[in-house]
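J.: Questions regarding the structure given below will be posed in turn.
Here, each number is a calculation from the coordinates, and none is a lab measurement. These numbers were taken from a predicted model, which means no experiment stands behind them. As a convention, Cβ positions derive from the backbone with ideal geometry for all residues, glycine included, and neighbour counts pool all protein chains shown.
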Amino acid sequence: MAILGGRPAARAGRPPTTAYRLSWRILDALEAVAARWPARAEGAVKWLLLGPALAVVGLLVFGLVVMADASLRVMDFRTYQLGEDYSTANYVRLFGWGAFHATLWRSLLATLLVTLFCLLLAFPYAYALTRTASARLRRVLLVGLFLPFFVGQVVRAYGWLVILGQQGLVNQALGLVGLGPYRLLFSYPAVLFGLVQYMLPFAVLMLAPALAAIPEEIERAAASCGASRGRTLLRVVVPMARPGLIAAALVVATLTLTDFAMPAILGGGTNDFLANLVHDQFFRTSNAGLGSAIALVLTLLGTTVAGLLLAAAGVGALGVRGAR
Amino acid sequence: MAGGVALALLLLLAAPSLVVAGASLTAGSIVQFPPEGLSLRWYGRVLEAREVRDALLRSLEVATVCTALAVPSGTLAAIALARWRFRAALAIQLYLLLPFTVPLIGSGIGLMLLFGELGLLGRVWPVGIACCVINLPFMIWAVAASVNALDPELERAAASCGAGPVQTFLLVTLPAVAPGILAGALVMFVLALNEFLVSLLLVDARTVTLPVQIYTQIRGVITPDLAAVSTVYVLVAAAAVLLLDRLVGLEIFLRSR
């Protein structure tokens with residue numbers, strides 16, 4: 001056999017190109033199976049496609065049911081088991097529990113303040129984003145919004161620890177000129193600051209489409225009628241952007257009210273929110289019943305606010321326009 | 001003026017990421033200002049530190065499980081919702097949005113109790129399932145946008161050329177919505193890599209994920225090796241944003257709905 005002749009199969013040449021390809025055979029087999037599908041069960045196809053997603057979310061629903069069940073049982077601290085009988089004792093206890101009230105008010109006040117600050121700051125950001133003539137500036141501002149979204153809360157809180165900590169960059173810089181060190185962290189304002197910085201991208205993303213929908217001609221019309229720049233913003237742009245402002249406020253409010261990481265990391269245990277209280281009930285005092293009760297109250301609070309958001313933004317929030 | 005405020009805010013948004021990246025490059029053994037000089041030695045330390053490396057591998061497993069579950073379930077659901085009429089369409093949409101309306105602490109505790117009853121706590125893959133549960137609407141969103149942009153005439157054309165339903169689905173519908181699927185998969189993967197609270201509730205000391213590992217370590221002394229790990233996150237995030245921009249274009253988020 002000639003050394004350069006190659007293998008016999010190669011010499012025989014490839015099979016003729018008219019041969020039926022394997023991938024076609026597989027497709028045909030699949031079509032044959034699909035054709036066997038009874039016409040009566042045509043309607044079942046869409047449910048089969050939807051099924052896996054319904055099942056995934058079903059886990060969440062199951063979890064909430066288990067949580068509601070646990071919240072109605074009292075922890076027996078001799079055995080560390082939840083009792084057999086249902087009672088509302090956990091909720092009654094919440095009602096008269098000072099620490100719960102203090103935490104609830106702290107969370108609610110923070111929600112109010114963070115929402116206000118976020119709206120105030122998100123407005124100019126979203127305005128610049130939607131009105132700038134410079135494509136490069138718009139790109140930079142957009143990337144600036146999405147990058148923190150993907151960096152995650154823990155890493156961002158860690159960044160603030162490095163900047164604001166007792167031996168952090170700010171205190172070291174102040175130390176060079178003979179000032180400080182100041183205690184900048186583990187306080188209520190520190191938690192609020194971290195939350196505003198964390199929620200800002202969400203607020204801008206909810207607000208920007210509303211601002212983009214306002215034609216610039218309207219602003220120019222107001223100006224040509226003699227309205228000053230500030231008056232145009234206050235009397236024309238802000239009222240027209242109301243749906244976006246409401247949506248932004250509700251998103252920021254739900255996320256702030258139920259936040260865990262910022263109070264835990266930047267508050268250092270001194271300024272806990274409700275979610276931290278839930279965590280402590282499970283992992284410090286091992287009271288699954290009471291913890292579930294707080295978690296359920298918080299879930300109801302948060303879901304109500306989010307429900308308002310859906311009502312305001314209209315359904316179709318999944319971006320599905322429906323069958324055509 | 002708005003532009004100036006926006007740029008100042010941009011700096012505020014970027015500050016933690018920039019500082020973390022800067023701190024990771026220090027040659028000294030503490031994070032300080034001004035830095036003691038440049039070096040990559042803390043990145044080497046991360047590769048040697050067993051705890052951090054294992055946590056990173058676990059987080060990758062979580063993100064993989066999450067994406068592997070989210071891609072088929074989210075894609076099929078988005079296609080079904082866009083192409084078929086459902087009698088209870090409104091109820092189905094509200095149900096599928098539950099992961100966004102229920103606060104994370106509620107979903108987390110619920111899944112923790114449920115997985116506890118099923119004996120799944122303390123393993124890594126259930127955390128991936130949980131991440132899929134809480135972020136699934138993102139996947140459906142991303143694919144739905146692509147399906148809505150797809151002209152149904154294309155599918156009808158394929159059918160009239162003799163393609164069966166399976167062939168049409170695999171060779172016309174799926175490739176057309178592929179950018180949406182990729183974008184959704186990317187978002188699910190990165191968010192699962194970052195997921196903190198739900199991880200914290202579901203893991204035990206032997207199965208901590210990377211965000212939980214960072215969280216436990218920053219309560220002690222702040223050392224540059226954590227900054228190195230965190231910088232990996234910043235880089236992953238930057239790559240994700242660039243990819244997302246390529247796939248769907250970030251400007252899509254400015255359009256009014």
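J.: Note down the nm distance, to one decimal, between modelled labels 7 Å out along Cα→Cβ at B:Ala88 and at A:Leu119.
T.: Label at B:Ala88, label at A:Leu119, 3.6 nm between them.
J.: Now a separate question. Would you mind getting me the FRET efficiency between A:Met240 and B:Ile252? Use the beta-carbon distance for r and R0 = 30 Å, nearest 0.05.
T.: So, using R0 = 30 Å, E works out to roughly 0.85.
J.: Oh, and also: Assuming R0 = 56 Å, what is the FRET efficiency of B:Arg41 and A:Trp37, from their Cβ-Cβ distance, to the nearest 0.05?
T.: Working: r = 62 Å, r/R0 = 1.11.
Efficiency at R0 = 56 Å is approximately 0.35.
J.: When the C-alpha atoms of the protein assembly as shown are aligned to their principal axes, what extent does each axis show, in angstrom, from largest down?
T.: The Cα atoms of the protein assembly as shown stretch 87, 76, 66 Å along their principal axes.
J.: Full extension from A:Arg25 to A:Val61: what is 0.36 nm times the residue separation minus their Cα-Cα distance, to one decimal in nm?
T.: Values: separation 36, 0.36 × 36 = 12.96 nm, distance 4.25 nm.
Difference between extended and current length: 8.7 nm.
J.: With a 10 Å cut-off between alpha carbons and a GNM built on chain B, which of B:Gly74, B:Gly128, B:Gly110 moves the most?
T.: Top of the fluctuation ranking is B:Gly110.
J.: Of A:Trp105, B:Gly122, A:Ala39, which is farthest along the charge dipole of the protein assembly as shown in the positive direction, counting Lys and Arg as +1 and Asp and Glu as -1 at C-beta?
T.: Farthest towards the positive pole: A:Ala39.
J.: What number does the stretch B:125-257 give for Rg over Rh if you use C-alpha atoms and the Kirkwood radius?
T.: On the way: Rg = 19.8 Å, Rh = 17.6 Å.
For the stretch B:125-257, the value is 1.13.
J.: Then there's this: Pick from A:Phe95, A:Phe117, A:Phe149: which residue has the top mean-square fluctuation in a GNM of chain A where Cα pairs under 10 Å get a spring?
T.: A:Phe95
J.: Let me ask another. Where does the stretch B:153-227 land on Rg(C-alpha)/(2.2 N^0.38 Å)? Show your work: numbers first, answer last.
T.: Details: Rg = 22.3 Å, N = 75, 2.2 N^0.38 = 11.3 Å.
For the stretch B:153-227, the normalised Cα radius of gyration comes out at 1.97.
J.: Counting partner chain Cβ atoms within 10 Å of every residue's Cβ in B:15-23, what's the average?
T.: Details: counts 8, 14, 7, 2, 8, 9, 1, 3, 5.
The shielding value for this peptide is 6.
J.: Then there's this: If we count other beta carbons within 10 Å of each Cβ, what is the order of B:Leu10, B:Leu226, A:Leu112, fewest first? Please report the intermediate quantities before stating the final value.
T.: On the way: B:Leu10 19, B:Leu226 27, A:Leu112 13.
Fewest-to-most Cβ neighbours within 10 Å comes out as A:Leu112, B:Leu10, B:Leu226.
J.: Kindly express, to the nearest 10 degrees and within the range 0 to 90, the angle between helix B:104-118's C-alpha long axis and the longest C-alpha principal axis of chain B.
T.: 80
J.: Could I ask something else about it? Averaging over every viewing direction, what projected area does the convex hull of the Cα atoms of the stretch B:1-118 cover, in nm²? Could the numbers behind the result be given before it?
T.: Numbers: hull surface 56.7 nm².
Across all orientations, the stretch B:1-118 yields a mean hull projection of 14.2 nm².
J.: Additional query: Could you give me the radius of gyration and the Dmax of the stretch B:49-220, taking only the C-alpha atoms into account and expressing both in angstrom?
T.: Just the Cα atoms of the stretch B:49-220 yield Rg and Dmax of 18.9, 67 Å.
J.: What size of dipole, in debye to the nearest 20, comes out for the stretch A:99-318 about its Cα centre when the only charges are +1 on Lys and Arg C-beta atoms and -1 on Asp and Glu C-beta atoms?
T.: Using only the charged Cβ atoms, the result is roughly 520 debye.
J.: Could you pull out every residue, at least 5 positions away or on a different chain, whose amide H is within less than 5 Å of the one on B:Thr26? Hs are placed 1.01 Å off N in the peptide plane, and Pro or chain starts have none.
T.: It is B:Ser39, by chain and number.
J.: I've got another one for you. For helix A:22-36, report the angle its Cα long axis makes with the longest principal axis of the Cα atoms of chain A; keep it between 0 and 90° and round to the nearest 10°.
T.: Helix A:22-36 sits roughly 70 degrees off the main axis of chain A.
J.: In the Gaussian network model of chain B, springs joining C-alpha atoms below 10 Å, which of B:Arg50, B:Arg206, B:Arg85 carries the largest mean-square fluctuation?
T.: B:Arg85
J.: Right, next: Could you work out how far apart the two model spin labels at A:Trp105 and A:Arg131 are, taking each label as a point 7 Å from the Cα in the direction of the beta carbon, and quote it in nm?
T.: 4.1
J.: On a 0 to 90° scale, report how tilted helix B:50-83 is relative to the longest principal axis of chain B, with both axes built from alpha carbons and the result rounded to the nearest 10.
T.: Between helix and principal axis, roughly 20 degrees.
J.: What is the Å³ per residue value for the convex hull set by the Cα atoms of the stretch A:22-108? Spell out each step's value before the answer.
T.: Values: hull volume 22.3 nm³, N = 87.
In the stretch A:22-108, the Cα hull volume divided by residue count equals 256 Å³.
J.: Which order do A:His279, A:His101 fall in if you start with the one that has the fewest other Cβ atoms within 10 Å?
T.: Values: A:His279 22, A:His101 12.
Ordered by Cβ neighbours within 10 Å, fewest first: A:His101, A:His279.
J.: Principal axis extents for the stretch A:99-318, Cα atoms only, whole Å, descending order, please.
T.: Its Cα atoms span 64, 52, 28 Å along the three principal axes.
J.: To the nearest 20 debye, what charge dipole does the stretch B:49-220 have about its Cα centre, counting +1 at the Cβ of each Lys and Arg and -1 at the Cβ of each Asp and Glu?
T.: That gives a dipole near 120 debye.
J.: While we're looking at this one, here's another question. Jot down the radius of gyration and Dmax of the stretch A:167-215, Cα atoms only, both in angstrom.
T.: Cα only, the stretch A:167-215: 17.7, 53 Å (Rg, Dmax).
J.: Helix-derived [θ] at 222 nm for the protein assembly as shown: sum -39500 (n - 2.57) over DSSP H runs of at least 4, divide by residue count, nearest 500? It would help to have the intermediate numbers written out before the result.
T.: Working: 28 runs with 411 residues, N = 581.
Counting only the DSSP helices, I get -23000 deg cm²/dmol.
J.: Related question: Can you give me the Cα centroid spacing of the stretch A:239-266 and the stretch B:96-129 in angstrom?
T.: Going from one Cα centre to the other spans 23 Å.
J.: Which translational diffusion coefficient, to the nearest whole µm²/s, is obtained for the stretch A:211-296 from the Stokes-Einstein equation, given a Kirkwood hydrodynamic radius over C-alpha pairs, 4 °C and 1.567 mPa s? Mind dumping the intermediate values first?
T.: On the way: Rh = 16.4 Å.
Stokes-Einstein gives a translational diffusion coefficient of 79 µm²/s.
J.: Then there's this: Using the count of nearby Cβ atoms within 10 Å as a rough guide to exposure, how do A:Tyr188, A:Tyr86 rank from fewest to most?
T.: Details: A:Tyr188 16, A:Tyr86 11.
Lowest count first: A:Tyr86, A:Tyr188.
J.: If you take each beta carbon of peptide A:170-179 and count the beta carbons of other chains within 10 angstrom, what is the mean? Mind dumping the intermediate values first?
T.: Working: counts 1, 1, 5, 2, 0, 2, 2, 0, 0, 0.
Across the residues of A:170-179, the mean count of other-chain Cβ atoms within 10 Å is 1.
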